[in-house]
Ligand code: ARG
Ligand code: ZN
């Protein structure tokens, strides 16, 4: 999108609302096709707004029935109304009551924004701009009101009527209908409103808060799925306790509810007191959920719960500030998981995910700052940059100012801004104040897009006993930002001596570090009193989200992989050696030269499978090679996904051959584990076992395939079953087809399990995958109206299958583009997300690049593009 496009909403144009709404009384009369919504709003002019302004309310596909001010219905000439807007030219200049009646059709709402009906239940999704699909409103996050909600519906279909806050009243409403009244005393923006009505089962417990209040904790699921709710319920209670202990934040209503719904555009939503979840992130039992599912559920439950303070009690002034709640809340959920499970492993997993999604986004045409300056469609900014890079920025802040100042800053923020709609500047000011630091340069992390590239040169002077580290940083150009300034980059550094111990860090005769803030384009650190050349351990614990290249040798790295006291860098060192080897293999292959080998990599990987290694989760991370995407990003341009796939497969096979004995021994040792438990230690053991199996079956080795088949057939839990199937699915074999057929027969009645079956087939790097995916789309198990189905099949193919999406004939691109066009009309948000598969298309080799561009151009030329899809294709082609 060009900068001058008039459709853009700009941060620079922010001005306060001309009116405020103090209370909202909603009356929602449910009907599948004609739900009637009566909104009584107490409105008053905003002293900070413009005088004598018209009252302009937002709408989206709305039908107005009537509008009245202080009880007097307005004539047609007093208002201007369309589905998108209700404007009142001359409203009273003091407080007044505005009553609006609208009629909506929840069954026809396939966009899953606003009020929609799926599987006979009613659900709302209002973030970011869905409330305006329920009633005309000042649908912006800086208008905070107290809501009272009366819901009425047919007792047989909707015995359960939920909204935000505390239940005030409930009972029969006559003619076979019931009603409930909910009151939420906490002023909130409209995006946090929620309503759920249906026939659901409740699984509940209680939680006693720090100050001794008893809170009801309730999870709602479909009848018959009650046995899959306890894990989520327990995760809520553990999140509540953790937020009290670590951030001093207590829950503030009598009840906290989580509802699992089958049709949901995103992961979950933090509506006040009534979180709505994609059922995939609630339902878990050993027979149906993998270890990864358990971990995701715990993390997302925590994330949405933590929003109660970071997002709900303190919300965003405008949508440009989205990272104020999202980056901070991701940081908080990552910390929760780190305290609950293994901190180093969580860090490694988060960095892998950051690189895969955010670094990729940051390197291509969709790059944008953590706080964007302009948007055409806000739904397209719920991105890895806002969320995950947003969390990295918070983590850097903590590293830079130290944990005590960070805690003091958070406390000040909660104290000062509770009940307000805030900006990033207000948030950062709290930390500047408590730390006495100037955080002006730090703000660049919010303004500048692109992943900083840090290049390190080192030099040891044996005579002077100095070790010099020169760090150069450069932020690449991104769309709309051709030139950049150096950011403040916290580089946590250790110098590891030959004995593996950290040397004391001395600069200018005084103890220094370990945090060094790089603030210039080039920084030189001269470490003194260094008796022997050390191995530099840089950016420990991934202290900044940068792309690092160093002059460390493979010898240095292999030494660090064994000896670094920082577990993250122990892992990273091995990955860097593997990545270098993979890039060299790709180069050799494209040049027709023999594959370069790095036999010492096998030693590093062997350590992961050694019986003496007791941290199985960490070992599994060490054993896992960099992904094909990692290699593609390292290469950066003229990318050939087939060559990368071949190189990685060859390295894997090479390692499997070198380590055949230890791998088989490790698998045998780990395979029998007794009864299933989803706890972290057991999950770790399974992760390492699967890693061994994955190597053993590399290249379709018959022995490994046989082991995978045996694990599949004898599986007592979903992790083993799905992981064995995953291993089998990598190569075409009879065992693969048999296992896929068996999985389908076992689980065909469970859509979340069929999603796993879809995903495995859609991600297989096999030439018939596209045909298979197309065929699966025509089976009854697929439903294009359900985002989970679409993501598992089409999303996984587009974003999780580098060779087949990037087929040289371009058919992969054409397919994803075609599905996005089909969904453009019914669910534009999901359509736009599918097109995220194209975020790195410019880095491809010319033939594929041409085909990808043609597919994008075909979408751009299609008639009737939604704002969501239009925005993505325009920027992708930009
Ligand atoms: N606030 C939610 C979360 O992070 C995400 C909701 C986004 N929804 C949307 N339609 N853009 O948990
Ligand atoms: Zn969130």
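Bear in mind these aren't lab numbers, they're just calculated from the coordinates by the rules spelled out. Note that this is a predicted model, so its numbers are computed, not measured. Glycine gets a Cβ as well: all are built from the backbone with ideal geometry, and neighbour counts include every protein chain shown.
When you restrict to C-alpha pairs under 8 Å that are six or more residues apart and normalise by the size of the chain, the relative contact order lands at 8 percent.
Short-range pairs are left out: with C-alpha atoms under 8 Å and at least six residues apart, the relative contact order of segment 748-878 is 20 percent.
Stretching residue 108 away from residue 44 to a fully extended chain increases their span by 19.6 nm, per 0.36 nm per residue minus the current alpha-carbon distance.
Do the sum for the chain: with -39,500 (n - 2.57) for every DSSP H run of n ≥ 4, divided by all residues, what is the mean residue ellipticity at 222 nm, to the nearest 500 deg cm²/dmol? Estimated from H runs of four or more residues: -12000 deg cm²/dmol. Taking the longest Cα principal axis of the chain as reference, the axis of helix 641-658 is set at about 50 degrees. Classify segment 639-693 as rounded, prolate or oblate from the Cα gyration tensor: take a ≥ b ≥ c as the square roots of its eigenvalues, call it rounded if a/c is under 1.5, otherwise prolate when a/b beats b/c and oblate if not. Since a/c reaches 1.5 but b/c is at least a/b, the shape of segment 639-693 is classed as oblate.
Annotation for residue 89 and residue 741: the two label points, set 7 Å from Cα along the Cα-Cβ direction, are 7.4 nm apart.
Highest mean packing comes first when the peptides 275-286, 170-181 are listed by Cβ atoms within 10 Å, giving 275-286, 170-181. Label positions at residue 404 and residue 783, each projected 7 Å from the Cα along the C-beta direction, are separated by 5.7 nm. Put in order of Cβ neighbour count within 10 Å, fewest first, the listed residues 872, 100, 348 become 100, 348, 872.
Estimated from the Cβ-Cβ distance and a Förster radius of 25 angstrom, the FRET efficiency linking residue 433 and residue 250 is about 0.55. Treating each Cα of segment 315-447 as an identical point scatterer and summing with the Debye formula, the log10 of I(q)/I(0) at q = 0.09, 0.14, 0.20 Å⁻¹ comes to -0.26, -0.64, -1.27. Taking 0.36 nm per residue of separation and subtracting the Cα-Cα distance, full extension of the segment from residue 593 to residue 338 would add 87.4 nm. Extent along the principal axes, Cα only, for the chain: 88, 66, 59 Å, with the longest axis given first. If a/c stays under 1.5 just call it rounded; otherwise compare a/b with b/c (prolate if a/b is bigger, oblate if not). Do that for segment 511-601, with a ≥ b ≥ c from the square roots of the Cα gyration tensor eigenvalues. It comes out prolate by the Cα gyration axes. Summary value for segment 520-636: 21 percent relative contact order, contacts being C-alpha pairs under 8 angstrom separated by 6+ residues. Using r as the Cβ-Cβ distance of residue 455 and residue 638, and R0 as 22 Å, what FRET efficiency do you calculate, to the nearest 0.05? Approximately 0.55, to the nearest 0.05. Taking max minus min of the alpha-carbon positions on each principal axis, segment 369-483 gives extents of 62, 37, 20 Å, largest first. PRE reach from residue 515 (point 7 Å along Cα→Cβ): which of segment 405-437 fall under 14 Å by backbone N? Counting only backbone N, you get 405-410, 431-437. Name the shape class, rounded, prolate or oblate, that the alpha-carbon gyration tensor gives for segment 545-667, where a ≥ b ≥ c are the square roots of its eigenvalues, rounded holds for a/c under 1.5, and otherwise prolate holds if a/b is larger than b/c and oblate otherwise. Oblate shape, in that a/c is at least 1.5 and b/c is the bigger or equal ratio. With R₀ fixed at 45 Å, the C-beta to C-beta distance from residue 205 to residue 73 puts the FRET efficiency at about 0.40. Annotation: extensible slack from residue 213 through residue 774 equals 196.5 nm (criterion: 0.36 nm per residue apart, minus Cα-Cα distance).
Centre-to-centre separation between the Cα atoms of segment 812-846 and those of segment 670-712: 35 Å. Placing dummy labels 7 Å off each Cα toward the beta-carbon, the span from residue 669 to residue 51 is 8.1 nm.
Sorted ascending by nearby beta carbons within 10 Å, beginning with the fewest, 740, 210 become 210, 740. Residue order for 577, 203, fewest other beta carbons within 10 angstrom first, comes to 203, 577. Computing Rg and the Kirkwood Rh from the Cα coordinates of segment 453-536 gives a ratio, Rg/Rh, of 1.06.
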